[in-house]
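Here is the structure we will look at.
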Amino acid sequence: MNLKLPLTLAILFTSPLIWAVNHTAAVIETMSTGGYTYAKVMQNEKEFWIAGPTAKLEAGDIIRFDEQMEMANFTSKSLKRTFNSLMFVGRITQGSDNVANAKSAFSHPKTEEPKTTAPVAKVSKAVDGYTVAELFSRKDELNNRAVKVHGQVVKVSKQIMKKEWIHIQDGTGTADTNDIIFLAKTSTIKVGDIVLASGNLVTNRDFGMGYKYEVIVEGASFEVDK
């Protein structure tokens, strides 16, 4: 790496006179070393790495930053890692300046595992439990109540907004009422697992940034069928 680069970066990071492109993105992973913060981010379904002044970030955060320059095959000596492409930014700010920009950072919680392509075969209803279709048809009655569903995991989205988004189907319901999301802090659930999912049903849940759900289950836990 050119010895003049640290000075150049310091000028880039601190100068308000340098033209910059503004971005809003979601943090996927992050680390800080050598006075800089590195973050893998996602914007409009595109993933890339940025580096800027030290900032306290966590996976799932929505951030704003000003693009200053991009370098190919950049090696960080402190990380002992070479980035195919690294965008250097002048500042990193928590949050979004408006809802439209925040929503554009990612169109939907990112799927880490593929959704099953074949329709889910009907799974037996849990004792003292509900079908997926019943969670929707009886949502007002079940609002803020503990529920459990026996079904198949069809989609897993990890650590988006600091939560795991587990989609479950059991073969009941129509296009709009056959898939229910269970939110958990963490899980080891995989697509294809048959599980007994438990949690607290909530209606009209609005997370902001366009993420509003008619029915969702929070505080989830899972038991996998043996």
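Residues whose amide H lies under 5 Å from that of Lys148, counting only those 5 or more places away or on a different chain, are Tyr130; hydrogens are built 1.01 Å from N in the peptide plane. Here Glu164, Glu70 are placed in order of increasing Cβ neighbour count within 10 Å, fewest first, which gives Glu70, Glu164. What the phi angles of region 140-153 give under the Karplus curve with 6.51, -1.76 and 1.60, with θ = phi - 60°, is a coupling list of 5, 5, 8, 4, 6, 10, 6, 9, 9, 9, 9, x, 10, 6 Hz, glycine and proline written as x.
The dipole here belongs to region 132-224: it is taken about the Cα centre, uses +1 on the Cβ of Lys and Arg and -1 on the Cβ of Asp and Glu, and is about 360 debye. Sites listed here are trypsin sites (Lys or Arg not before Pro) in region 26-93 whose DSSP assignment is loop and whose Cβ has at most 13 other Cβ atoms within 10 Å: Lys56, Lys77, Lys80.
Where a number appears in this text, it was derived from the coordinates with a stated rule and is not lab data. All figures in this text were calculated on a predicted structure; none of them were measured in a lab. Positions of Cβ are backbone-derived with ideal geometry, glycine not excepted, and every protein chain shown enters the neighbour counts.
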